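The values are calculated or read from the model by the stated rules, or taken from the named source; none is laboratory data. All figures in this text were calculated on a predicted structure; none of them were measured in a lab. When we count neighbours, we look across all protein chains shown, and the Cβ atoms used for this are built from the backbone with ideal geometry, even at glycine. Only protein heavy atoms, including side chains, enter the accessible area calculation; ligands, DNA and RNA are left aside. Shrake-Rupley method; radii C 1.70, N 1.55, O 1.52, S 1.80 Å.
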Amino acid sequence: MKTGNSAALTRRYNRTVVLDALRRSGSLSRVELARLSGLTPQGIRNIVEDLLEAGLVRETGRRRGQRGQPQIDIELNPEAGYGIGLHISGGRCTYIAANLAGKPVASGGPHRFGGSREAMQETLRVIEHAIREEAAGMPRLGVGAVFSRPLLSRWSQAGEAPEELEEQYRALADFFSGDPLVFENDAKAAAMAEQTYGRVRQQADFLYLFIGDGIGGAIVQAGMPLRGMRGNAGEFGHILIDPAGPACHCGNRGCLHGYLSLASLRAAQAEPLSLTPETIPPRWLAQAAMALERAIISLENIFDPACIIIGGTAPPWLLHSLGDRLTHLGPSLRADGTGPRLEISEIGDKCALLGASALPLLAITSPNLTTLTKEADPP
């Protein structure tokens with residue numbers, strides 16, 4: 001069970017409030033940090049001094065052209081360390097390392113990631129060596145590992161047994177045993193990339209709809225994705241669009257996956273073709289837009305989000321083609337809200353990989369109310 005908080009836990013939480021403000025804004029003065037965070041000026045001074053001593057932030061100089069004593073700006077220190085992002089899909093692993101300010105310092109792959117645990121760990125050694133060469137002595141802050149499938153789910157893709165995925169989990173956990181390690185699916189990671197690098201850096205509550213070979217998603221509230229009991233909250237691909245529709249691998253019929261996924265698009269093509277605007281069957285595009293509209297209206301009525309972002313590994317031109325067909329979205333509780341109901345991601349098909357690298361950095365810089373409580377000692 002959880003117990004109450006303590007001064008140490010409150011101090012740690014307040015540090016993340018300050019780091020989150022700097023991550024979203026770039027640089028701020030102590031006065032601005034106090035105003036944005038609601039903390040006292042003395043509290044901000046103490047927290048900033050702690051963060052300066054820890055090397056997580058740095059001073060960037062005084063502002064000019066202001067009355068009175070010029071304010072000193074504070075920003076995240078890019079040299080404080082880096083997070084590794086790994087995207088594992090189809091027996092391959094791509095990687096990226098990003099510093100605390102979110103700037104990539106190394107990337108590469110894909111590398112083969114399968115076979116025995118020893119073979120997988122050898123791949124990880126190759127990746128780690130390449131990153132250390134590029135990172136030039138910066139410390140490692142953590143690792144995010146992203147998989148292109150639901151986590152711990154009874155649904156499995158053809159040719160990939162669940163125990164094979166568990167072996168990959170173990171290989172990663174053993175190799176990075178001394179580091180904070182976060183496992184996530186590609187859709188939630190892409191949503192975190194959107195919050196870190198994309199269109200919603202100032203938005204803490206939104207929905208993300210991931211369009212790729214499958215359909216996934218994320219429900220982001222207070223800057224954190226909802227996980228659910230098995231870690232799979234946000235599996236929007238299994239919203240029922242038409243109970244008489246095509247059979248889905250989940251056992252139902254007419255799921256959004258069967259209308260909107262790239263797998264459904266390839267199945268609709270008369271012959272295998274590369275994805276270009278000219279090779280998209282008009283019937284598929286019309287049905288995909290219809291299904292997307294129904295899904296958006298349902299999601300808005302259920303979650304009342306500030307906005308819905310569509311992204312994923314689908315080509316940007318395809319995302320915009322779908323968005324262009326939604327000029328007259330039907331009514332929902334959200335329909336009369338301010339701001340656009342739908343946003344198209346601009347990050348591109350590396351969104352899951354970028355999100356993987358953001359996961360360990362967000363763990364350091366994002367406020368999480370659960371950190372204000374601690375587990376009670378066993379009786």
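Among the residues of the stretch 217-251, write down those that are farther than 18 Å from Phe303 by Cα and either among the hydroxyl-bearing types (Ser, Thr, Tyr) or in contact with a helix residue (DSSP H, G or I) (Cβ under 7 Å, 6 or more places away or on another chain) (or both).
Gly245, Pro246, Cys248, Cys250
Is at least one residue of the stretch 108-115 crowded, with 16+ Cβ neighbours inside 10 Å, modelled with pLDDT of 85 or more and out of contact with any His (no Cβ under 6 Å at 6 or more places or on another chain)?
Taking the stretch 108-115 as the starting set, the residues that turn out to be crowded, with 16+ Cβ neighbours inside 10 Å are 109, 111, 113-114.
Keeping just the survivors that are modelled with pLDDT of 85 or more gives 111, 113.
Right, trim to out of contact with any His (no Cβ under 6 Å at 6 or more places or on another chain) and you get 111, 113.
Within the stretch 108-115, one or more residues are crowded, with 16+ Cβ neighbours inside 10 Å, modelled with pLDDT of 85 or more and out of contact with any His (no Cβ under 6 Å at 6 or more places or on another chain).
For the stretch 203-224, give me each residue that is closer than 20 Å to Ala98 by Cβ and surrounded by fewer than 23 Cβ atoms within 10 Å (Cβ to Cβ).
Those that are closer than 20 Å to Ala98 by Cβ and surrounded by fewer than 23 Cβ atoms within 10 Å (Cβ to Cβ): Gly223, Met224.
At pLDDT below 90 and surrounded by fewer than 16 Cβ atoms within 10 Å (Cβ to Cβ): does that describe Gly137?
yes
Quick one: in the stretch 297-310, of everything that is of a type in the set (A, V, I, L, M, F, W, C) and touching a residue at least 60 places away in the same chain (Cβ under 8 Å), which residue is most open to solvent (accessible area, probe 1.4 Å)?
Phe303
Among residues belonging to the stretch 253-272 that are farther than 24 Å from Ser89 by Cα and in contact with a Gly (Cβ under 9 Å, 6 or more places away or on another chain), point out the one that is least open to solvent (accessible area, probe 1.4 Å).
Once the filter is applied, the top-ranked residue is Gly254.
Considering only residues that are open to solvent by 50 Å² or more (accessible area, probe 1.4 Å) and either touching a strand residue (DSSP E or B) at 6+ places or on another chain (Cβ under 6 Å) or closer than 27 Å to Leu56 by Cβ (or both), which ones fall in the stretch 76-107? If you could, list the steps in order and put the result at the bottom.
If we filter the stretch 76-107 for residues that are open to solvent by 50 Å² or more (accessible area, probe 1.4 Å), which is where we start, we get 79, 89-90, 92, 101, 103-104, 107.
Residues satisfying the conditions are Glu79, Arg92, Ala101, Lys103, Pro104, Ser107.
From the list Ala34, Ala21, which one is without any contact (Cβ under 8 Å) to a residue 12 or more places away in the chain, open to solvent by less than 30 Å² (accessible area, probe 1.4 Å), touching a Ser or Thr at 6+ places or on another chain (Cβ under 9 Å) and farther than 30 Å from Gln168 by Cβ? First the steps, then the outcome.
On the way: Ala21 fails: without any contact (Cβ under 8 Å) to a residue 12 or more places away in the chain.
Exactly one of Ala34, Ala21 is without any contact (Cβ under 8 Å) to a residue 12 or more places away in the chain, open to solvent by less than 30 Å² (accessible area, probe 1.4 Å), touching a Ser or Thr at 6+ places or on another chain (Cβ under 9 Å) and farther than 30 Å from Gln168 by Cβ, namely Ala34.
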